[in-house]
Amino acid sequence: MAISFQVENVKIPDIKKRKISAWIKAVAGSYSKSIGEIAYLFCDDEKILEVNRQYLKHDFYTDIITFDYSEGDQISGDIFISLDTVRSNSQLYTTDYQEELHRVIIHGILHLCGLDDGTEADQKSMRDAENKALKLLNLNEWQFTKG
């Protein structure tokens, strides 16, 4: 079981890896899921566009692409996050950049836990789940400061 954080064409974002990993495990656990191999790749818009074109046949920028390799109740996957789009979305939605980054980080995990955002109703459920997860991160921040 491992959560890794890698970068391509960008600097590593200012995140506390142990805190974020503990949070991810807590959120997955709330869906009765355990963590397998989760690889985050933080990148720029050009890289995510390349991935979107190559694997999904989509010709547009996005903030996150999640590849799901989960088996049973153990979630695994590759999660590509464009820091360029996260930054522009934080400006567009007038949210704090760190909050937007955390929202996108957990969005990928929620997909691996079985949530979808294909319909308007699914999008509302996903947003509610993201907000609940963000509250968990903020309320329990003291738990993640050790180690």
Quick one: net charge around Val104, please, counting Lys, Arg +1 and Asp, Glu -1 for every other residue with C-beta under 13 Å from its C-beta.
-> -4
What does the highest-first list of 32-40, 68-76, 7-15 look like by mean Cβ count within 10 Å?
-> 32-40, 68-76, 7-15
Provide the FRET efficiency to the nearest 0.05 for the Thr119-Gln91 pair, computing r from the beta carbons and using R0 = 35 Å.
-> 0.85
Would you mind listing how long region 2-144 runs along its three principal axes, going by Cα atoms, in whole Å with the largest first?
-> 37, 33, 32
Note down the relative contact order for the chain as a percent, whole number, built from C-alpha pairs under 8 angstrom at least six residues apart.
-> 22
For the pair Lys57 and Val7, the simple spin-label estimate (label points 7 Å beyond Cα toward Cβ) gives in nm 3.5
Roughly how many debye, to the nearest 20, is the charge dipole of region 2-144 about its Cα centre, given +1 on each Lys and Arg Cβ, -1 on each Asp and Glu Cβ, and no other charges?
-> 560
What is the Å³ per residue value for the convex hull set by the Cα atoms of region 59-125?
-> 108
Derived scalar couplings ³J(HN,Hα) [region 103-108; Karplus, 6.51 cos²θ - 1.76 cosθ + 1.60; whole Hz; x for Gly, Pro] | 4, 6, 4, 7, 4, x
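Every number here is computed from the coordinates shown, using simple stated rules; none is lab data. Everything numeric here is computed off the predicted structure, so don't read it as measured data. As a convention, Cβ positions derive from the backbone with ideal geometry for all residues, glycine included, and neighbour counts pool all protein chains shown.
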